[in-house]
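Structure, as structure tokens:
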């Protein structure tokens, strides 16, 4: 395909959403908007699930939610397909790229060979765009990368049919009909996205999610050293930092990305109060980075006393309080569109 | 995070890509910045792999000592856990746990071995003739 424009973003799903919507005429669309309207910000210390016998934590909403919510509030018709048969999945993909329709694909990264080995875990919720094919190769626009790349036919089949939790089952998706997105509709979408995020961060009845979830993690951290020993407890902290800062987050567990969204929201809604909240979320992102540095000191073996674990937990409590305040204020604004 | 604070450390992203982070520019507005990596998270990633390597080596010894079957070794080698391996083989978690016992593993049918071989991308021979 000629003139396919690659767009690099922090997060893969934002990237696919932005790219496909821009292609359908929403030139102004960008990553912070997708993330905010799709209410991507979240915190959950996932119950029952353990990763490497350690904590499973996520700083964002469920995979697939951002694209789905964004398109829903913008009245965009989307096509979603999953497949039992690999042949059908390939056939459908070929039909789309051959008519010049780039599509989003959910893939597992374990068999994604252009990823560095160190990043190839069994993570099945990565997203990329397939925009063309040549001989036995598919041309791929992976939003986390600076440039486009390609994969072989076998490789693409393998990653589209990766197995385990969140198995993609050949999941393919794209916006079909994008109507006229007026300023009014966009403002409505922004307000809806914010309200949804207020709900997610403050009012889910569970102590493992939102601002209370952050405190839950803090309380766990205080126990880890006595319970698991320095080394293991350090590995657990490393796991938190990886979830928080790994490629795809935009830094500070998505907080900077959300602050960027609020900055745009302030402009679109002509509401300066949102700038203040954006600054608070920035401050929170900075605190997340500080906590990562503190935790890194521990898993590097530089500082390993209980006091150092307590200090990490203290920072998380501070973050929780700050984010609670920010989202309470957002709620009190009773934003109108 | 301000633009000039964005870390540019070496790490696993080298020769792959720089990553997008959102940073504040001089005017206090957000913009995209590109980072080559951050040491704090690189160490976390390195530690995670060291731990994986340690577990793989430990499991290898357990197989050689006849304590567990090669299924466990290849599962660890492929950074899998029970749900992932269950997904690739079609077995239930409890079945896989049984297959990790050397006595049960010895009696596995070729068909079942073949499923493991495919999941681990090795030959059946690699599974049954476990070597040092």
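Of the residues that sit in segment A:298-311 and are more than 9 Å from every other protein chain (Cβ to nearest Cβ), touching a helix residue (DSSP H, G or I) at 6+ places or on another chain (Cβ under 9 Å) and assigned to a helix (DSSP H, G or I), which one is nearest to residue B:48 (Cα to Cα)?
Applying the filter and picking the extreme gives A:298.
Has segment A:312-320 got any residue that is closer than 19 Å to residue A:212 by Cα and within 18 Å of the chain's Cα centre (by Cα)?
No - not one qualifying residue is present in segment A:312-320.
Hey, among A:88, A:31, which residue is surrounded by fewer than 23 Cβ atoms within 10 Å (Cβ to Cβ) and either at pLDDT 95 or above or on the phi < 0 side of the Ramachandran plot (or both)?
After applying the criteria, what remains is A:88.
Give the residue, chosen from B:13, B:34, B:45, that is assigned to a helix (DSSP H, G or I) and either within 8 Å of chain A (Cβ to nearest Cβ) or farther than 19 Å from residue A:121 by Cβ (or both).
B:45
Inspect segment B:56-77 for any residue being within 9 Å of another protein chain (Cβ to nearest Cβ), in contact (Cβ under 8 Å) with a residue 24 or more places away in the chain and either touching a helix residue (DSSP H, G or I) at 6+ places or on another chain (Cβ under 8 Å) or crowded, with 17+ Cβ neighbours inside 10 Å (or both) and give the result as yes or no.
No, that holds for no residue.
For residues in segment B:1-10 being assigned to a helix (DSSP H, G or I) and touching a strand residue (DSSP E or B) at 6+ places or on another chain (Cβ under 8 Å), which is nearest to the other protein chains (Cβ to nearest Cβ)?
Checking each candidate, the answer is B:5.
Looking only at segment A:118-148, how many residues end up being in a strand (DSSP E or B), more than 20 Å from residue A:174 (Cα to Cα) and within 22 Å of the chain's Cα centre (by Cα)?
0
All but one of (1) out of contact with any strand residue (DSSP E or B) (no Cβ under 9 Å at 6 or more places or on another chain); (2) under 28 Å from residue B:85 (Cβ atoms) hold for residue A:135; state the number of the condition that does not hold.
Condition not satisfied by residue A:135: (2).
Just give me the residues in segment B:97-132 being within 18 Å of the chain's Cα centre (by Cα) and either part of a helix (DSSP H, G or I) or surrounded by 15 or more Cβ atoms within 10 Å (Cβ to Cβ) (or both), in sequence order.
B:116, B:117, B:118, B:119, B:120, B:122 - these are the residues of segment B:97-132 that are within 18 Å of the chain's Cα centre (by Cα) and either part of a helix (DSSP H, G or I) or surrounded by 15 or more Cβ atoms within 10 Å (Cβ to Cβ) (or both).
Just one of the numbered conditions (1) in a helix (DSSP H, G or I); (2) in contact with a helix residue (DSSP H, G or I) (Cβ under 8 Å, 6 or more places away or on another chain); (3) surrounded by fewer than 17 Cβ atoms within 10 Å (Cβ to Cβ) is not true of residue A:292; which one?
(3)
Test residue B:80 against the stated conditions and say whether it is over 20 Å from the mean Cα position of the chain (by Cα), at the interface with chain A (Cβ under 8 Å from one of its Cβ atoms) and closer than 25 Å to residue A:243 by Cβ.
No; evaluated as a whole, the condition is false for this residue.
Take residue A:101 and decide whether it is closer than 21 Å to residue A:246 by Cα and either over 20 Å from the mean Cα position of the chain (by Cα) or buried (at least 22 other Cβ atoms within 10 Å of the Cβ) (or both).
No, not satisfied.
Of all residues being farther than 19 Å from residue A:221 by Cβ and more than 10 Å from chain B (Cβ to nearest Cβ) in segment A:241-266, which is surrounded by the most Cβ atoms within 10 Å (Cβ to Cβ)? Just the residue, please.
A:265
Taking the criterion of being closer than 25 Å to residue B:46 by Cα, at the interface with chain B (Cβ under 10 Å from one of its Cβ atoms), surrounded by fewer than 24 Cβ atoms within 10 Å (Cβ to Cβ) and touching a helix residue (DSSP H, G or I) at 6+ places or on another chain (Cβ under 7 Å), would at least one residue in segment A:216-225 satisfy it?
Checked against the condition, which is being closer than 25 Å to residue B:46 by Cα, at the interface with chain B (Cβ under 10 Å from one of its Cβ atoms), surrounded by fewer than 24 Cβ atoms within 10 Å (Cβ to Cβ) and touching a helix residue (DSSP H, G or I) at 6+ places or on another chain (Cβ under 7 Å), segment A:216-225 yields no hits at all.
Look through segment B:16-31, keep the residues that are out of contact with any helix residue (DSSP H, G or I) (no Cβ under 9 Å at 6 or more places or on another chain), outside any strand (DSSP E or B) and closer than 25 Å to residue A:141 by Cα, and return whichever of them is farthest from the other protein chains (Cβ to nearest Cβ).
Checking each candidate, the answer is B:18.
Right, residue A:96: in a strand (DSSP E or B), modelled with pLDDT of 95 or more and outside the structural domain of residue A:194 (by TED's automatic domain parsing) or not?
No; evaluated as a whole, the condition is false for this residue.
Select from segment A:163-182 the residues that are free of Cβ contacts under 8 Å to residues at least 60 places away in the same chain and more than 20 Å from the chain's Cα centre (by Cα) and list them in ascending order.
Scanning segment A:163-182 gives A:163, A:180, A:182.
For segment A:66-94, enumerate the residues that are closer than 23 Å to residue A:37 by Cα and without any contact (Cβ under 8 Å) to a residue 40 or more places away in the chain.
A:68, A:72
So, in segment A:161-183, how many residues would count as being assigned to a loop (DSSP other than H, G, I, E, B), more than 14 Å from chain B (Cβ to nearest Cβ) and farther than 15 Å from residue A:104 by Cα?
5
For segment B:83-96, which residues satisfy the criterion of being buried (at least 17 other Cβ atoms within 10 Å of the Cβ), part of a helix (DSSP H, G or I) and either at pLDDT below 95 or in contact with a helix residue (DSSP H, G or I) (Cβ under 8 Å, 6 or more places away or on another chain) (or both)?
B:85, B:86, B:88, B:89, B:96
Just name the residue that is nearest to residue A:165 (Cα to Cα) out of those in segment A:17-63 that are assigned to a helix (DSSP H, G or I) and within 14 Å of another protein chain (Cβ to nearest Cβ).
Residue satisfying both the conditions and the ranking: A:35.
Somewhere in segment B:36-58, is a residue under 23 Å from the mean Cα position of the chain (by Cα), at positive phi and modelled with pLDDT of 95 or more?
yes
The values are calculated or read from the model by the stated rules, or taken from the named source; none is laboratory data. Remember, predicted model here, so these are calculated numbers, not experimental data. Cβ: placed from backbone, ideal geometry, glycine included. Neighbour counts: every protein chain shown.
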